[in-house]
Amino acid sequence: MAESFKKELVQRITRNLLDIQILRLVDTQPMWGYRIKKQAEAKFSVKLRHGALYPLLNALEQNGFLTSQTQQQGGRTRKVYSITKKGKLYIETYANVMKEQIAGKDIE
């Protein structure tokens, strides 16, 4: 029962906070869009449409949370995303807020 709750909660968090989940993935290593999509689907059990992912990646880059570089790989061009200091601070702040929420500090 707890395992099914866990899966449901992870999917819910991912759908509602997809930007943070993507930043957390890219924080582990620089990635290109398709790899981000596959990693998110595997780790969070959600389906991501390209029509949702790429506008979000562009918005994260415009907000200064990600940077990108174009790289040639096997005859194709990939846009590889890396997290910025601002992006790292954002996910650290998210983690701290979640800890406060779990500890019930917001309702004391």
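Residues Tyr54, Tyr34 in ascending order of nearby Cβ atoms (within 10 Å, fewest first): Tyr34, Tyr54. Please say if the range 2-103 is rounded, prolate or oblate, where rounded means a/c under 1.5 for a ≥ b ≥ c the square roots of the C-alpha gyration tensor eigenvalues, and otherwise the choice is prolate for a/b larger than b/c and oblate otherwise? Taking the square roots of the gyration eigenvalues as a ≥ b ≥ c, the range 2-103 is oblate. Less than 5 angstrom separates the built amide H of Trp32 from those of Tyr81, all sequence-distant by 5 or more or on a different chain.
A Förster distance of 41 Å, applied to the separation of the beta-carbon atoms of Gln29 and Lys105, puts the FRET efficiency at 0.80. Shown in residue order for the range 71-82 are the 3J(HN,Hα) couplings computed by the Karplus curve 6.51 cos²θ - 1.76 cosθ + 1.60 at θ = phi - 60°: 10, 8, 9, x, x, 10, 9, 10, 9, 9, 9, 10 Hz (x for Gly and Pro).
No value in this document is a laboratory result; all are computed from the given coordinates. Worth saying up front: this structure is predicted, and the values here are computed from it rather than measured. FYI the Cβ positions are ideal-geometry reconstructions off the backbone, even for glycines, and counts take in every protein chain you see.
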